[in-house]
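The structure appears right after this line, and notes come after that.
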Amino acid sequence: MTEFALQLLSLFSIGFLGSGHCLVMCGGMASALQLSMTGSSATRRTELQLLLSLGRLTTYSLLGALVAGFGALLLASLGLALFWLKLLSGLLLLAMALYLARLWFGLNQLERAGALLWRSIQPVAKRLMPLNSRRKALAYGLCWGFLPCGLVYSALGWALASGELLSGASLMFAFGAGTLPSILLSGGAATLLSRFKNHTQVRVCAALLLGIYAIYLIWLALAPRFF
């Protein structure tokens, strides 16, 4: 497996295992959105929920491409070495591993950085309610992607470290795809999934694997300069 494929798998895993946080941030919103679809058929509600998720993942992907392009611009204009972006990628993965292990919650502080942006977008999202059309569902999903979330911002930092538009978009799409099961499932299936992800052994094993990979990335960044 290539290094980039491992990064995609890592971000998908982070999205999947960290989506308990997504349920805290987004679960209330998801429930409210489902209520706004009351009166629609089950097939119609499923269609609208999928469009919501498509909009959210589209925003993640576009933001990933944007920050990756910014990273490439920094490398070119300031003459920064790729070493710094690789080191950032490893450190962010280590921070996410600690979060999944519930040893450090510093990522939550990043949510404050996006609060101002969300305040400007939230009124637009509210005007789209109720979600009674495909256009509204997709547009609301695009807005939803800007909801402040420390895990999203950390994943964006990893996209920044990629330094390539397509890579940044792909990494963020993989992260968003990992959150889908928790957001889309409801009832007993969601409860079972939540119990599995929150099991201590599952969290510790996942965090350990991510931590090992984070140390590997940091080693790749540091080795050419110091060893």
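The values are calculated or read from the model by the stated rules, or taken from the named source; none is laboratory data. Please read all numbers here as calculations on a predicted model, not as lab measurements. Cβ: placed from backbone, ideal geometry, glycine included. Neighbour counts: every protein chain shown. Heads up: the accessible areas ignore ligands, DNA and RNA and are worked out on the full protein's heavy atoms, side chains in. Shrake-Rupley method; radii C 1.70, N 1.55, O 1.52, S 1.80 Å.
If I filter the stretch 63-74 for residues that are within 16 Å of Leu210 (Cβ to Cβ) and free of Cβ contacts under 8 Å to residues at least 60 places away in the same chain, do I get at least one hit? Among the residues of the stretch 63-74, not one is within 16 Å of Leu210 (Cβ to Cβ) and free of Cβ contacts under 8 Å to residues at least 60 places away in the same chain, which makes the answer no. When Thr179 is tested against (1) open to solvent by 20 Å² or more (accessible area, probe 1.4 Å); (2) hydroxyl-bearing (Ser, Thr, Tyr); (3) under 11 Å from the mean Cα position of the chain (by Cα), only condition (1) is not met.
Every residue, every condition in (1) over 30 Å from Leu82 (Cβ atoms); (2) modelled with pLDDT under 90; (3) not charged (D, E, K, R), yes or no:
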site: Ala125; (1), (2), (3): yes, yes, yes
site: Asn132; (1), (2), (3): yes, yes, yes
site: Pro148; (1), (2), (3): no, yes, yes
site: Leu160; (1), (2), (3): no, yes, yes
site: Ala169; (1), (2), (3): no, no, yes
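Among the residues that make up the stretch 113-134, is at least one of them closer than 29 Å to Arg225 by Cβ, among the basic types (Lys, Arg) and not in a loop (DSSP other than H, G, I, E, B)? For the stretch 113-134, residues closer than 29 Å to Arg225 by Cβ, among the basic types (Lys, Arg) and not in a loop (DSSP other than H, G, I, E, B): absent. Only one entry of Arg102, Arg127 meets the criterion of being under 20 Å from Ile212 (Cα atoms) and among the charged types (D, E, K, R), and that entry is Arg102.
Filtered by the rule that a residue be at pLDDT 85 or above and crowded, with 18+ Cβ neighbours inside 10 Å, the stretch 26-48 gives a lone residue, Leu48. Within the stretch 120-151, the set of residues being in contact with a Cys (Cβ under 9 Å, 6 or more places away or on another chain) and touching a residue at least 60 places away in the same chain (Cβ under 8 Å) comprises Trp144, Leu147, Cys149, Leu151. Within the stretch 164-171, is even one residue in a helix (DSSP H, G or I), on the phi < 0 side of the Ramachandran plot and of a type in the set (Ser, Thr, Tyr)? Looking through the stretch 164-171, at least one residue is in a helix (DSSP H, G or I), on the phi < 0 side of the Ramachandran plot and of a type in the set (Ser, Thr, Tyr). A single entry from Leu51, Leu74, Leu103, Leu87 fulfils the requirement of being over 22 Å from Pro148 (Cβ atoms), at pLDDT 75 or above and exposed (fewer than 15 other Cβ atoms within 10 Å of the Cβ): Leu103.
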